[in-house]
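Step one of this worksheet: look at the structure below.
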Amino acid sequence: MDQFKITGGTPLHGELPVSGSKNSALPALAACLLTEEPVTLRRIPQVKDIATMEQLLSHTGAQLTDDDGTVTVNARSLDNPEAPYDVVKTMRASSLVLGPLVARTGRARVSMPGGCAIGARPINLHVSALEQLGATIEQSHGYVEAQAPAGLQGATIHFDRITVTGTEDVLMAAVLARGETTIRNAAREPEVKDLAELLIAMGAKIEGAGTSIIHVQGVERLHGAEHTIIPDRIEAGTFLLAGAVSQGDILITHCNPEHVAALIVKMQKAGADIEEVSNCAIRVRFSGRPRAVDVTTEEYPGFATDLQAQYMAWMTVAQGISFITETIFENRFMHTQELARMGANIRIEGRQAIVAGEDHLTGAQVIASDLRASASLVLAALIAQGETTIDRVYHMDRGYERIEQKLAAVGAKIERIAA
Ligand code: EPZ
């Protein structure tokens with residue numbers, strides 16, 4: 001397994017370009033199953049999760065070309081509407097093909113994702129929403145088997161709790177259902193809005209995407225389209241923190257400052273100098289130790305759970321004690337034990353991490369446990385005195401495109417040690 005070797009203490013200076021959003025590209029690729037005409041997507045990040053989704057689409061019978069981030073999907077004939085266990089177990093977002101396959105072919109067989117490092121992550125809300133659209137769904141042998149031979153029927157769906165991919169899954173099913181669908185308590189993440197814009201370009205009739213109530217008027221069929229994926233807000237947030245933890249001066253480009261507003265507010269309270277240079281660039285400067293500032297993760301537009309681990313890395317050297325509360329996932333503090341190996345002082349009490357800032361961290365050997373925890377360890381290694389080795393960086397490769405090249409280009413002492 002590849003490792004990263006990082007020597008900390010070097011301020012980062014220069015420009016960090018943000019790639020297309022992994023969490024927007026995944027549902028967009030699944031949406032291509034909804035039409036027999038070709039769909040072209042631009043700024044698809046070259047990361048492992050995307051390769052997995054492309055493999056899954058091919059498995060269902062779609063043809064794909066991926067020209068360095070411009071992907072064309074041709075789903076003319078889908079002869080195998082299935083997402084097998086050996087694919088889904090590596091990426092639970094594979095459940096995003098459930099809605100499109102049922103809507104397009106009248107059936108789908110998708111392995112249940114199983115848990116992952118950050119929590120149980122069931123898909124019960126996806127399943128119940130599709131049942132409300134008229135699909136009959138059985139769960140056996142670890143698979144969800146959905147049938148809708150007569151097609152889907154619009155309905156009013158109220159999610160018990162906000163689910164991002166649940167909203168996306170049912171939105172993709174509803175666009176081909178007969179009649180009107182209303183989705184209440186829908187996720188408001190930018191990735192949901194981006195998916196809706198692609199679907200509308202394909203001929204869908206959708207209003208309210210990006211708000212908690214989405215209206216869909218079903219149509220007979222969708223047609224091909226071209227679409228550019230939005231910037232990855234979690235990568236942008238990770239880079240903002242990289243500039244701060246390294247006590248440098250970074251310009252983050254090809255991003256959308258609005259999508260990281262909750263993080264910017266917290267970083268400014270902690271003392272960072274952050275300037276929105278334009279509608280696609282942010283500059284961050286900082287030196288010294290941050291003030292301790294509390295954070296509670298919430299659904300968008302609140303503070304993103306996917307930035308919690310990265311923010312905690314910065315708070316480990318804050319002046320004072322910060323309280324970091326994780327409200328979205330039940331086990332998203334796996335990074336704290338590894339940060340402790342680097343000298344961090346963190347106590348976990350239920351959903352809350354109490355971080356007592358130290359004046360420095362020291363390099364150590366640590367192990368990544370999940371995608372965003374790995375980013376947290378990279379940031380901590382940039383802070384630490386001496387050398388850090390991070391094992392299992394395949395977690396990072398799932399969601400960050402060329403991360404070591406990007407960071408090295410602005411001065412980070414980081415190298416990949418191939419296994
Ligand atoms: C999406 O996951 C993202 N993944 C996650 O990013 C992100 O952390 C999460 O949303 C929250 O913002 C993609 O978009 C591919 P949820 P998702 O359904 O949709 C519970 C990353 O690092 N729930 O919004 O799976 C669930 O267990 C990844 O890029 C149910 O109980 O998250 C969680 O506690 C990690 N039943 C909460 O809802 C369901 O049917 C929110 O989950 C669905 C979800």
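The values are calculated or read from the model by the stated rules, or taken from the named source; none is laboratory data. This structure is a prediction, so every number in the text was calculated from the model and none was measured. Don't worry about glycine lacking a Cβ; one is built from the backbone with ideal geometry, like all the others, and counts go over all protein chains shown. Heavy atoms of the whole protein, side chains included, go into the accessibility calculation; ligands, DNA and RNA do not. Shrake-Rupley method; radii C 1.70, N 1.55, O 1.52, S 1.80 Å.
Report residue 79's accessible area, 1.4 Å probe, all protein chains in place, as a number in Å² to the nearest 10. Result for residue 79: roughly 110 Å² accessible. Taking the chain as a Gaussian network of alpha-carbon nodes connected by springs under 10 Å, the highest mean-square fluctuation of the residues 408, 177, 204 belongs to 408. Residues in the chain average 38 Å² of solvent-accessible surface per residue, probe 1.4 Å, ligands and nucleic acids excluded.
Over all projection directions, the Cα-based convex hull of region 1-157 averages an area of 12.2 nm². Taking Cα centre as origin and charging only the Cβ of basic (Lys, Arg, +1) and acidic (Asp, Glu, -1) residues, the dipole magnitude of region 152-220 rounds to 200 debye.
Against the main long axis of the alpha-carbon atoms of the chain, helix 371-383 sits at an angle near 20°. Between residue 349 and residue 258, the simple spin-label model (points 7 angstrom out along Cα→Cβ) gives 3.9 nm. Measuring only protein heavy atoms, the 1.4 Å probe finds residue 92 accessible over about 40 Å². Within the full protein context, the accessible area of residue 7 is estimated at about 50 Å² for a probe radius of 1.4 Å. Highest mobility in the GNM of the chain, judged by mean-square fluctuation with C-alpha springs under 10 Å and restricted to 287, 376, 21, is found for 287.
Apolar share of the accessible surface for region 120-254: 48 percent from carbon plus sulfur atoms, 1.4 Å probe.
The length gained by stretching the chain between residue 327 and residue 59 to full extension, at 0.36 nm per residue less their Cα-Cα distance, is 92.9 nm.
With Cα atoms defining each centre, region 142-184 and region 208-277 are spaced 27 Å apart in the structure. Under the simplified labelling scheme, the residue 221-residue 2 pair shows an inter-label distance of 4.2 nm, with each label point 7 Å from Cα along Cα→Cβ.
Of the residues 280, 255, ranked by 1.4 Å probe accessible area with the largest first, the sequence reads 280, 255. Taken about its Cα centre, the chain carries a charge dipole of roughly 480 debye when the Cβ of each Lys and Arg holds +1 and the Cβ of each Asp and Glu holds -1.
Once divided by 2.2 N^0.38 Å, the Cα radius of gyration of region 13-94 becomes 1.13. When 342, 112 are compared by accessible surface with a 1.4 Å probe, the order from highest to lowest is 112, 342. Excluding same-chain neighbours fewer than eight residues apart, the aspartates and glutamates reachable from residue 266 by a Cα-Cα span under 12 Å are 294. How much net charge surrounds residue 206 when only other residues with a Cβ under 13 Å from its Cβ are counted (Lys, Arg +1; Asp, Glu -1)? Within the 13 Å Cβ shell, the charges total -3.
With 20 Å as the limit on Cα-Cα distance, the pairs of 5/413; 48/193; 193/406; 5/269 that go past it are 48/193; 193/406; 5/269. Each of 290, 174, 186 was scored by the projection of its Cα onto the charge dipole of the chain, and the greatest displacement toward the positive side belongs to 290; charges sit on the C-beta of Lys, Arg, Asp and Glu.
Each listed q (0.13, 0.18, 0.19 Å⁻¹) maps to a log10 I(q)/I(0) for region 227-276 from the Debye sum over equal C-alpha point scatterers, namely -0.28, -0.52, -0.58. Taken as Cα centroids, region 374-419 and region 31-101 sit 28 Å apart, rounded to the nearest whole angstrom. Note on region 1-82: with neighbouring protein chains present and a 1.4 Å probe, carbon and sulfur make up 43 percent of its accessible heavy-atom surface. Taking only Cα atoms of the chain, what ratio of Rg to Rh do you get with Rh as the Kirkwood inverse-distance radius? My calculation puts Rg/Rh at 0.98.
GNM on the chain, C-alpha springs below 10 Å: top fluctuator among 27, 149, 11? Among 27, 149, 11, the largest mean-square fluctuation in the Gaussian network model of the chain belongs to 149.
What number, rounded to the nearest 500 deg cm²/dmol, is the helix-based mean residue ellipticity at 222 nm of the chain, given -39500 (n - 2.57) per DSSP H run of at least four residues and division by all its residues?
Theoretical 222 nm ellipticity from helices: -8500 deg cm²/dmol.
Once the C-beta distance of residue 296 and residue 358 is scaled by a Förster radius of 30 Å, the resulting FRET efficiency is 0.85 to the nearest 0.05.
With a Förster radius of 41 Å, plug the Cβ-Cβ distance of residue 42 and residue 340 into 1/(1 + (r/R0)^6) and report the FRET value to the nearest 0.05. So, using R0 = 41 Å, E works out to roughly 0.45.
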